[in-house]
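The values are calculated or read from the model by the stated rules, or taken from the named source; none is laboratory data. The shown structure was predicted, so the numbers you read here are calculated from the model rather than taken from an experiment. Every residue, glycine among them, receives a Cβ derived from its backbone with ideal geometry; neighbour counts consider all protein chains shown. In case anyone asks, the SASA skips ligands and DNA or RNA and just uses the protein heavy atoms, side chains included. Shrake-Rupley method; radii C 1.70, N 1.55, O 1.52, S 1.80 Å.
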Amino acid sequence: MKLNLKLSVFIVSLFFGLTSCNNEETAENNAVTAELETKTTKTTKNNARVGDCAAVPGWASLNASTTGGGNAAETVASTYAQLKAAIENTDVKVIKVTGTITIPATSTGRIAFQDQTGKTIYGASGAKLVSTDQTKANSGILNIKRCKNIILRNLIFEGPGAYDTDGWDNAIIDNCQNVWVDHCEFRDGVDGNLDIKNQSDYVTVSYTKFTYLKAPRPGGSGGSPDHRYSNLIGSSDGATADRGKLRITFARCWWANGCKERMPRVRFGKVHIVNNYFNSSASNKCVAAGLEASIRVENNVFENVNQSIDLMTGYTAVTAVGNIFTNTTGNTAGSNTAFTPSYSIQLLSASAVKADVTAGAGATFTGNICGSF
């Protein structure tokens, strides 16, 4: 009887012991599997880039083209700290911006994006970068300097409004090569919306909207009571190192309500302004050809604007061809013969430009989408 009891106890103990071991082994295996899955997700996650990303328009298609971060794994940024860290980290090649991110109103708030190669920064639907400070020291959002092969896409850059304090633009491209700004919106920059300067080269700005929605603030130290000056190409007449550089394409962009001048204002560069729409009734002048500027103004629509083409002192040439001018003032014929682009680009007839640009320009995508051209 005692022997049978002991044997029964032994069998029961052996059963539960084996069950316990199996449970522990299963839990351990599950934990290892989960860890491997987590690591696999981190190392193999691709970004959401879709479309024909080899179809780069304009000058940015040359000099080995512009691919940004390509298919590298993306880093998501929804806060200022995350965005700043991701931009400054050279190992991060693709950044997805979500929500609204406000730049701190300090002299170190503006983000320095410097000395990097091969990076894409794009926005999810509605992504916005906002600056609220109009002072010279604290204004501006993004300073891109000495970078190569960069893409900005589907982002809204919003400043606090124009104020002539010699402050910062919403974004600056400074001594960079192969930059593609695509489907962005720049609004209400303090000094300007987007400036390109200091030997920057092979740049394309496509399907991008420039506008001023806030009233300009007068009384700044620079003296202009209305500094809604959108886009400056070449920083000064003395920047002679820009000769042979500043090859830039503006394609299917929209200079919309509130833009006063610089749409763009060009020094030294070879700038192709093709299939764009200009309709700012606040305009004083639109395309401005400054010192040694060679500009091809092709198949654009100018509507209800003043001084469509401004021939400034020392310009080289403006070729104006295939444009539509409706209720405008100033020069419409250009002068002399500008450069001929060394690339091919899909060209819309001028009659199709307004509908195409007003429907497509700006941060109208849902993410990192290529192939508009």
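Things worth noting here:
- Between helix 2-44 and the chain: long-axis angle, C-alpha atoms, 0 to 90°, nearest 10: 10
- Average accessible surface for the chain: 42 Å² per residue, computed with a 1.4 Å probe over protein heavy atoms with every protein chain in place.
- Most positive-pole-ward Cα, Trp59, Asn170, Gly118, against dipole of the range 41-186 from beta carbon charges: Gly118
- Whether the range 252-296 is rounded, prolate or oblate, judged on the alpha carbon gyration tensor where a/c under 1.5 counts as rounded: oblate
- Using Cβ point charges alone (K and R +1, D and E -1), the dipole size of the range 179-302 about the Cα centre works out to roughly 100 debye.
- Members of Lys84/Lys260; Lys209/Lys270; Lys197/Lys285; Lys96/Lys354 lying beyond 23 Å, as alpha-carbon distances in this model show: Lys84/Lys260; Lys96/Lys354
- Antiparallel DSSP beta bridges within the chain, percent to nearest 5: 5
- Per residue, the average separation of C-alpha pairs within less than 8 Å and at least 6 apart gives the chain a relative contact order of 13 percent.
- For Asn279, the shell of other residues with beta-carbons less than 11 Å away shows a net charge of 0, using +1 for Lys and Arg and -1 for Asp and Glu.
- Against the chain, whose longest principal axis comes from its Cα atoms, helix 350-360 is set at around 40 degrees.
- Sequence of Lys84, Lys119 from largest to smallest accessible area, 1.4 Å probe: Lys84, Lys119
- Using the Cβ-Cβ distance between Ala105 and Thr366 with R0 = 45 Å, the FRET efficiency computed as 1/(1 + (r/R0)^6) comes to roughly 0.90.
- With all protein chains in place and ligands, DNA and RNA left out, the 1.4 Å accessible area ranks Arg243, Arg252 as Arg243, Arg252, largest first.
- Divide the volume of the convex hull around the Cα atoms of the chain by the residue count and you get 161 Å³ per residue.
- Over the residues of the chain, the helix contribution to mean residue ellipticity at 222 nm works out to -6000 deg cm²/dmol, using -39500 (n - 2.57) for each DSSP H run of at least 4.
- Shape analysis of the range 67-195 places it in the prolate category; the axes a ≥ b ≥ c from the Cα gyration tensor give an a/c of at least 1.5, with a/b above b/c.
- Sequence of Trp59, Trp168 from largest to smallest accessible area, 1.4 Å probe: Trp168, Trp59
- For the chain, with +1 on Lys and Arg beta carbons and -1 on Asp and Glu, the positive-most of Leu232, Asn149, Ala361 along the dipole: Asn149
- Estimated dipole of the chain in Debye, rounded to 20 [Cβ of Lys and Arg +1, of Asp and Glu -1, Cα centre]: 160
- Under-5 Å amide H pairs with Gly220, H placed in peptide plane, nonlocal only: Asp164
- Counted charge near Gly314, where neighbours are those whose Cβ lies closer than 12 Å (Asp, Glu -1; Lys, Arg +1): -1
- For Glu88, the solvent-accessible surface with a 1.4 Å probe is about 90 Å², rounded to the nearest 10.
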